[in-house]
Amino acid sequence: MAETETSERPTDDDVIIRVRGVDVSFGLKQILKDCNLDVKRGEILGFVGGSGMGKSVLLRTILGLNQKQAGTIEVFGVDYEKASDEERLAVEQRWGVLFQHGALFSSLSVMENIQVPMREYLDLSPKLMDELARLKIDLVGLQPDAAHKYPSELSGGMIKRAALARALALDPDIVFLDEPTSGLDPIGAAEFDELIMTLRDTLGLTVYMVTHDLDSLFQACDRIAVLGQKRVLVEGPLQTMLEFDDPWVKSYFHGKRARTVVTPEHGEASMAERQEN
Ligand SMILES: Nc1ncnc2c1ncn2[C@@H]1O[C@H](COP(=O)(O)OP(=O)(O)OP(=O)(O)O)[C@@H](O)[C@H]1O
């Protein structure tokens with residue numbers, strides 16, 4: 001983690017990921033068209049959109065795993081596509097990723113899983129790697145004895161935490177989380193959100209979180225971006241979502257499920273609720 005500016009919220013100058021005019025197609029099927037997005041240092045950005053709209057495609061494109069046909073993406077000021085091998089390596093060490101289904105290697109213990117990125121990018125002694133892995137295990141709220149357990153011995157919530165520990169292995173500035181609370185019960189999901197918020201506050205971590213979880217959006221996210229019509233339709237704080245005039249955004253943020261989690265301080269939604277009652 002490069003900095004620990006814990007008390008300051010990000011400003012517009014603090015954009016660490018800048019997506020501009022990005023087009024992505026697979027064959028004749030266009031998924032993203034003229035897509036723009038900013039991710040700011042130290043924020044939890046919630047990324048939402050209908051199923052199959054391209055949230056994972058954009059995430060993978062930012063990570064350089066999908067080809068784009070147009071536009072630019074800068075991560076920490078580096079255009080990954082044009083970067084030298086050295087620059088790419090430096091960027092890769094500043095991000096951690098928790099993929100939706102690619103949680104952990106089943107044949108490796110938790111500790112060995114966490115050490116995979118360390119082995120790939122760093123040249124450390126086994127003893128130091130063990131110590132670092134133990135620190136990560138503690139950081140994500142797992143008990144020390146989780147270190148030598150295998151994924152099959154862990155609960156769903158513990159697997160997510162262990163996968164997060166692996167994403168944090170290289171002390172990244174940003175973590176990308178693809179639906180991190182899917183499959184968790186509401187208590188487990190709320191605890192995971194708490195953990196993410198704590199990491200943002202204590203480490204200055206930036207979090208890019210693809211999610212369908214309304215609780216996470218309302219409780220944990222500083223800003224939200226909505227993908228629709230092949231681009232980011234709107235990005236901003238929750239209040240911007242509540243005021244935005246688009247049928248999908250309205251039904252999502254003012255729908256029945258949203259009203260069960262929205263709190264009175266989010267005036268607009270509770271007003272909508274009051275009007276209906
Ligand atoms: N490598 C690929 N080749 C061809 N089509 C792809 C590829 N990757 C994704 N797609 C298609 O792109 C579209 C968007 O997929 P994506 O996984 O990004 O959706 P999503 O918004 O993340 O959906 P969900 O919320 O259901 O996970 C889908 O139609 C998917 O089939």
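Pro264 fails exactly one of the following numbered conditions: (1) farther than 23 Å from Ile17 by Cα; (2) modelled with pLDDT of 90 or more. What is the number of that condition?
Here Pro264 meets the rest and fails (2).
Looking at (1) over 25 Å from Leu214 (Cα atoms); (2) within 14 Å of the ligand (Cβ to nearest atom), which is the only condition Gly49 fails?
Of (1) over 25 Å from Leu214 (Cα atoms); (2) within 14 Å of the ligand (Cβ to nearest atom), only one is false for Gly49: (1).
Please go through (1) modelled with pLDDT of 95 or more; (2) within 17 Å of the chain's Cα centre (by Cα) for Lys68 and return the number of the only condition it doesn't satisfy.
Of (1) modelled with pLDDT of 95 or more; (2) within 17 Å of the chain's Cα centre (by Cα), only one is false for Lys68: (2).
Considering only the stretch 68-87, state which residues are free of Cβ contacts under 8 Å to residues at least 24 places away in the same chain and of a type in the set (S, T, N, Q).
Residue satisfying the conditions is Ser84 alone.
Looking only at residues that are crowded, with 19+ Cβ neighbours inside 10 Å and more than 16 Å from the ligand (Cβ to nearest atom) in the stretch 209-221, which one is modelled with the lowest pLDDT?
Top of the filtered list is Phe218.
Within the stretch 180-196, does at least one residue satisfy the condition of being within 16 Å of the ligand (Cβ to nearest atom), touching a residue at least 60 places away in the same chain (Cβ under 8 Å) and surrounded by 17 or more Cβ atoms within 10 Å (Cβ to Cβ)?
Checking the stretch 180-196: at least one residue is within 16 Å of the ligand (Cβ to nearest atom), touching a residue at least 60 places away in the same chain (Cβ under 8 Å) and surrounded by 17 or more Cβ atoms within 10 Å (Cβ to Cβ).
Of the numbered conditions (1) in contact with a strand residue (DSSP E or B) (Cβ under 9 Å, 6 or more places away or on another chain); (2) within 16 Å of the ligand (Cβ to nearest atom); (3) on the phi < 0 side of the Ramachandran plot; (4) not in a strand (DSSP E or B), Gly64 fails exactly one; give the number of that condition.
(3)
Restricting the first residue to the stretch 88-107 and requiring it to be free of Cβ contacts under 8 Å to residues at least 40 places away in the same chain, which pairs with a second residue that is polar (S, T, N, Q) meet a Cβ separation below 6 Å and a spacing of at least six or different chains?
Every condition considered, no pair remains.
Out of the residues in the stretch 32-44 that are surrounded by fewer than 22 Cβ atoms within 10 Å (Cβ to Cβ) and not charged (D, E, K, R), state the one that is nearest to the ligand (Cβ to nearest atom).
Leu37
Within the stretch 181-204, track down each residue that is at positive phi and part of a helix (DSSP H, G or I).
Residues satisfying the conditions do not exist here.
The rows are residues; the columns are (1) closer than 26 Å to Gly71 by Cβ; (2) out of contact with any helix residue (DSSP H, G or I) (no Cβ under 7 Å at 6 or more places or on another chain).
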| position | (1), (2) |
| --- | --- |
| Ile137 | no, no |
| Pro151 | no, no |
| Leu164 | no, yes |
| Ile187 | no, yes |
| Phe218 | no, no |
| Leu227 | yes, no |
| Val232 | yes, yes |
| Val249 | yes, no |
| His254 | no, no |
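Here's the yes/no breakdown for (1) closer than 23 Å to Thr206 by Cα; (2) surrounded by fewer than 17 Cβ atoms within 10 Å (Cβ to Cβ); (3) aliphatic (A, V, I, L, M):
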| site | (1), (2), (3) |
| --- | --- |
| Leu65 | yes, yes, yes |
| Val75 | yes, no, yes |
| Asp79 | yes, yes, no |
| Val97 | yes, no, yes |
| Gln100 | yes, yes, no |
| Leu104 | yes, no, yes |
| Glu112 | no, no, no |
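Which one of the conditions (1) surrounded by fewer than 19 Cβ atoms within 10 Å (Cβ to Cβ); (2) closer than 15 Å to Ala165 by Cα; (3) touching a Leu at 6+ places or on another chain (Cβ under 9 Å); (4) not acidic (Asp, Glu) does Arg134 fail to meet, given that it meets all the rest?
(3)
Check whether at least one residue in the stretch 36-49 is modelled with pLDDT under 95, in a helix (DSSP H, G or I) and not charged (D, E, K, R), and report yes or no.
Looking for residues that are modelled with pLDDT under 95, in a helix (DSSP H, G or I) and not charged (D, E, K, R), one finds none in the stretch 36-49, hence no.
The values are calculated or read from the model by the stated rules, or taken from the named source; none is laboratory data. All values reported here derive from a predicted model rather than from experimental measurement. We place every Cβ from the backbone using ideal geometry, glycine too, and count neighbours over all the protein chains shown.
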